[in-house]
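Student: Mind having a look at this structure? Questions to follow.
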Amino acid sequence: MKTLRLMTVGGVLAYRALFNWTRPAIFVGTLLVGPLFQLLFFAYLGRQLQVADDRFYIVGNAVLTATLAGVFGGTLAVGNERRYGTLGHVLLSPRSRTAVFLGRALPYAGNGLLIAVVTLSVSAALLGLRLPAAAIPGLLLAMAVGSLACAFFGLTLGALGLRFRDVWVISNVAVALLLLLTGVNVPSAALPGWMVDVGRFLPVTHAASAARDLAAGRGLAAAAPALGWEALVGLGYAILAAVLLKVFETESRRTASLETI
Amino acid sequence: MLALGTLAHVKQMSRSPFEVTIALVVPIVQATLAVYLFRAGHEQHRLLQAAVGAGLMGVWSSVLFGSGGAIQNQRWQGTLEMIMLAPRRPVLVILPITVATGLTGTYALLATLAWGRILYGIRLDFVHPFAFVVAAVVCIVALGMFGLLLASTFVLMRNANALTNTLEYPIWLVSGMLVPITALPAWTGPIAAVLPTTWGARALREATTGGPVWPSVAVCLGISVLCLVFGSISLTYVERRARAAATLALA
């Protein structure tokens, strides 16, 4: 119970303290308007090239937009502690750092879900996509699982911030690669086999597939396997993040490089 | 002074692993995406156009984040006041930074073309090769001047780098860098018409696939000169305002 409290309360406090976009206008612009235009860009490109229909792009990209909060949030969760000189204090805490840092991912997952929901709603209204009402709970579940997987993926990248100086390069490249490898914008059949294989181990891939099944009215039973895979991918990244954080923390203490920027 | 300033900033940016990696890797990923999309849409004959479009997207990202980041970086380094105190017009000090971001953006254009040629065998058969080079140079300078206009507004904003995140995709979309403007809603037309990025993208596309390149180059240059004039006026205004309010370093 104490660990759960540490994860949730600690995560929310860290989110409020480290979150850079404190003004509502900038929050809306960066996290809601930006992703919406990303979706519109690919939806219009897909329309023009006639690669797939609007539903493919709207639903897939709506799930993908959670990466913005998840990946950059996860990176911020560790990177900003170092930047603001508070990393040492966190690592000196007598509580489990694994719980502290895993808790950091939770608000970003919620943030990612908010972005995905808003992006899906607004883009569906703008582009005239009708979603079956029965699919809404399932879509929310798919977006929530996808957002959580993204947040743990981001935390894994953030963990690299304990070892590498410029973690922003990694997170920016990762976000770009997710556009390509998750099959959100290019149908898997049109991608080389190795890209599809890599995509299976990335967040969003399975959540987007599940969301598309649900939006097509195929029901939760049809989407359940993909949702299960997405949850497994998220769990995998949570474990990887915890291991990397532990290893890099030990290494940083050994080499006295905690606060090195 | 402009040339030396630009050279100094290009050198500085080129030594940043972050700037160089982002300028090289991200556009290549986007160009890969564009190639597979164009292939899936049975538009193999437009792959060169896709590579050029993706490269230009990289140039815009470089200018956008560079212009936003340039001011912010000076602010973080504590050098913004010194720059603004220089006995020169502010435009002469800031323009080299924004033009330099356009020049470092050419890494993206060159990278996507080289990547397309080497990995996907895209033949660099430009219909007007000379016009392509001229259009690319004009486009980069024009984007640098557009960056100046953006930078002048960023002086007043503490979180300018956050605003830049919002402007990346809209400009890619509306300027027709990959998506033809004709595929967009009609109301986006007037917005596209006043953006130098639209005419720069059009000039590069016409030089690549054929068409009247020079009118697009001329319009791009004309709009960019207007950006320079408005940017200069705006920069002088916001600089005075920031000095009067003593918020230059804190804005």
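Student: I'd like to know if region A:211-218 contains one or more residues that are in a helix (DSSP H, G or I) and under 26 Å from B:T32 (Cα atoms).
Tutor: Yes - at least one qualifying residue is present in region A:211-218.
Student: Which of (1) at pLDDT below 95; (2) part of a helix (DSSP H, G or I); (3) of a type outside the set (F, W, Y) is the odd one out, the single condition B:A218 does not satisfy?
Tutor: Result: B:A218 passes all but (1).
Student: Mind listing whichever residues of region A:44-75 are within 19 Å of A:G128 (Cα to Cα) and touching a Phe, Trp or Tyr at 6+ places or on another chain (Cβ under 6 Å)?
Tutor: A:G46, A:Y57, A:N61
Student: Could you grab me the full set of residues in region A:148-169 that are surrounded by fewer than 19 Cβ atoms within 10 Å (Cβ to Cβ), within 11 Å of chain B (Cβ to nearest Cβ) and in contact (Cβ under 8 Å) with a residue 40 or more places away in the chain?
Tutor: Correct list: A:R165, A:W168.
Student: Next question, about the same structure. Can you tell me which residue within region B:172-187, out of those that are part of a helix (DSSP H, G or I), under 22 Å from the mean Cα position of the chain (by Cα) and at the interface with chain A (Cβ under 7 Å from one of its Cβ atoms), is nearest to B:M57 (Cα to Cα)?
Tutor: B:W172
Student: Which condition number in (1) in contact with a helix residue (DSSP H, G or I) (Cβ under 7 Å, 6 or more places away or on another chain); (2) more than 18 Å from A:R16 (Cβ to Cβ); (3) modelled with pLDDT of 85 or more is the one that A:P137 fails?
Tutor: The failed condition is (1).
Here's the yes/no breakdown for (1) in contact with a Phe, Trp or Tyr (Cβ under 8 Å, 6 or more places away or on another chain); (2) at pLDDT below 90; (3) within 22 Å of B:F65 (Cβ to Cβ):
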{"residue": "B:L150", "(1), (2), (3)": "no, yes, yes"}
{"residue": "B:W172", "(1), (2), (3)": "yes, no, yes"}
{"residue": "B:A186", "(1), (2), (3)": "no, no, no"}
{"residue": "B:P190", "(1), (2), (3)": "no, no, no"}
{"residue": "B:T198", "(1), (2), (3)": "no, no, yes"}
{"residue": "B:E206", "(1), (2), (3)": "no, no, no"}
{"residue": "B:G211", "(1), (2), (3)": "no, yes, no"}
{"residue": "B:V225", "(1), (2), (3)": "no, no, no"}
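Student: Could you check how many residues of region A:182-205 are more than 9 Å from every other protein chain (Cβ to nearest Cβ) and either acidic (D, E) or without any contact (Cβ under 8 Å) to a residue 60 or more places away in the chain (or both)? Break it down into steps so the answer makes sense when it comes.
Tutor: Step one: of region A:182-205, the residues more than 9 Å from every other protein chain (Cβ to nearest Cβ) are A:182-184, A:188, A:193-194, A:196-205.
Then keep just the ones that are either acidic (D, E) or without any contact (Cβ under 8 Å) to a residue 60 or more places away in the chain (or both); that gives A:188, A:193-194, A:196-202, A:205.
Looking only at that region, the number is 11.
Student: If B:R240 meets every condition in (1) without any contact (Cβ under 8 Å) to a residue 24 or more places away in the chain; (2) farther than 30 Å from B:Q77 by Cα; (3) assigned to a helix (DSSP H, G or I) apart from one, which number is that one?
Tutor: With (1) without any contact (Cβ under 8 Å) to a residue 24 or more places away in the chain; (2) farther than 30 Å from B:Q77 by Cα; (3) assigned to a helix (DSSP H, G or I) applied to B:R240, the lone miss is (2).
Student: At pLDDT 90 or above and either surrounded by fewer than 17 Cβ atoms within 10 Å (Cβ to Cβ) or within 23 Å of B:L95 (Cβ to Cβ) (or both): does that describe B:V155?
Tutor: So B:V155 does not fit the description; no.
Student: Looking for whichever is over 21 Å from B:A34 (Cα atoms), surrounded by 19 or more Cβ atoms within 10 Å (Cβ to Cβ) and not aliphatic (A, V, I, L, M) here; the options are B:P96, B:P87. Which one fits?
Tutor: B:P96
Student: With respect to A:G110, is the statement that it is more than 30 Å from A:A256 (Cβ to Cβ) and in contact with a Lys or Arg (Cβ under 7 Å, 6 or more places away or on another chain) true?
Tutor: Values: more than 30 Å from A:A256 (Cβ to Cβ): yes; in contact with a Lys or Arg (Cβ under 7 Å, 6 or more places away or on another chain): no.
Considered against the rule, which asks whether it is more than 30 Å from A:A256 (Cβ to Cβ) and in contact with a Lys or Arg (Cβ under 7 Å, 6 or more places away or on another chain), A:G110 comes out as no.
Student: If you take the residues in region B:9-66 that are at the interface with chain A (Cβ under 9 Å from one of its Cβ atoms) and of a type in the set (F, W, Y), which one is nearest to B:A111 (Cα to Cα)?
Tutor: Within region B:9-66, the match that is nearest to B:A111 (Cα to Cα) is B:F18.
Student: Does at least one position in region A:67-80 carry a residue that is within 11 Å of chain B (Cβ to nearest Cβ) and in contact with a Pro (Cβ under 7 Å, 6 or more places away or on another chain)?
Tutor: Our first condition is that a residue be within 11 Å of chain B (Cβ to nearest Cβ); within region A:67-80, this holds for A:68, A:72.
Pick out the ones that are also in contact with a Pro (Cβ under 7 Å, 6 or more places away or on another chain) and you get A:68.
Yes, region A:67-80 contains a residue that is within 11 Å of chain B (Cβ to nearest Cβ) and in contact with a Pro (Cβ under 7 Å, 6 or more places away or on another chain).
Student: From the list A:F56, A:F72, pick out the single residue that is surrounded by 20 or more Cβ atoms within 10 Å (Cβ to Cβ) and over 19 Å from the mean Cα position of the chain (by Cα).
Tutor: The conditions single out A:F56.
Student: Same structure, new question: What tally of residues in region A:36-55 results from selecting those that are more than 7 Å from chain B (Cβ to nearest Cβ) and without any contact (Cβ under 8 Å) to a residue 24 or more places away in the chain?
Tutor: 1
Student: Just to be sure before I move on: is A:G46 in contact with an Asp or Glu (Cβ under 8 Å, 6 or more places away or on another chain) and at pLDDT 80 or above in the structure I sent?
Tutor: Criteria met by A:G46.
Student: Here are some residues: A:G128, A:G110, A:G70. Which one is closer than 22 Å to A:T8 by Cα, touching a helix residue (DSSP H, G or I) at 6+ places or on another chain (Cβ under 8 Å) and modelled with pLDDT of 90 or more? Quick ask: steps written out before the conclusion?
Tutor: Working: A:G128 fails: closer than 22 Å to A:T8 by Cα; A:G70 fails: modelled with pLDDT of 90 or more.
From the options A:G128, A:G110, A:G70, the qualifying one is A:G110.
Student: Ok, one more. Of all residues in region B:79-97, count the ones that are in a helix (DSSP H, G or I) and within 25 Å of the chain's Cα centre (by Cα).
Tutor: Within region B:79-97, residues that are in a helix (DSSP H, G or I) and within 25 Å of the chain's Cα centre (by Cα) number 11.
Student: If a residue must be facing chain B (nearest Cβ under 9 Å), in contact with a Leu (Cβ under 7 Å, 6 or more places away or on another chain) and at pLDDT below 90, how many such residues does region A:171-181 contain?
Tutor: 0
Student: Would it be correct to say that B:V20 is surrounded by fewer than 19 Cβ atoms within 10 Å (Cβ to Cβ) and in a helix (DSSP H, G or I)?
Tutor: Criteria met by B:V20.
Student: Right, something else. Taking the residues in region A:52-67 that are at pLDDT 90 or above and of a type in the set (V, I, T) as candidates, determine which candidate is nearest to B:P180 (Cα to Cα).
Tutor: Residue satisfying both the conditions and the ranking: A:I58.
Student: Against the condition in contact with a Ser or Thr (Cβ under 6 Å, 6 or more places away or on another chain), within 17 Å of A:V9 (Cα to Cα), aliphatic (A, V, I, L, M) and surrounded by 22 or more Cβ atoms within 10 Å (Cβ to Cβ), how does A:A99 come out, does it pass? It would help to see each step written out before you state the result.
Tutor: Details: in contact with a Ser or Thr (Cβ under 6 Å, 6 or more places away or on another chain): yes; within 17 Å of A:V9 (Cα to Cα): yes; aliphatic (A, V, I, L, M): yes; surrounded by 22 or more Cβ atoms within 10 Å (Cβ to Cβ): no.
It is false that A:A99 is in contact with a Ser or Thr (Cβ under 6 Å, 6 or more places away or on another chain), within 17 Å of A:V9 (Cα to Cα), aliphatic (A, V, I, L, M) and surrounded by 22 or more Cβ atoms within 10 Å (Cβ to Cβ).
Yes or no, residue by residue, for (1) hydroxyl-bearing (S, T, Y); (2) farther than 22 Å from A:F41 by Cβ:
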residue: B:L24; (1), (2): no, no
residue: B:Q30; (1), (2): no, no
residue: B:L33; (1), (2): no, no
residue: B:Y36; (1), (2): yes, no
residue: B:V52; (1), (2): no, no
residue: B:G55; (1), (2): no, no
residue: B:S61; (1), (2): yes, no
residue: B:F65; (1), (2): no, no
residue: B:R75; (1), (2): no, yes
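The values are calculated or read from the model by the stated rules, or taken from the named source; none is laboratory data. This one's a predicted model, so the numbers in the text were calculated from it and none came from an experiment. All Cβ positions, even for glycine, are placed from backbone atoms using ideal geometry, and neighbour counts span all protein chains on display.
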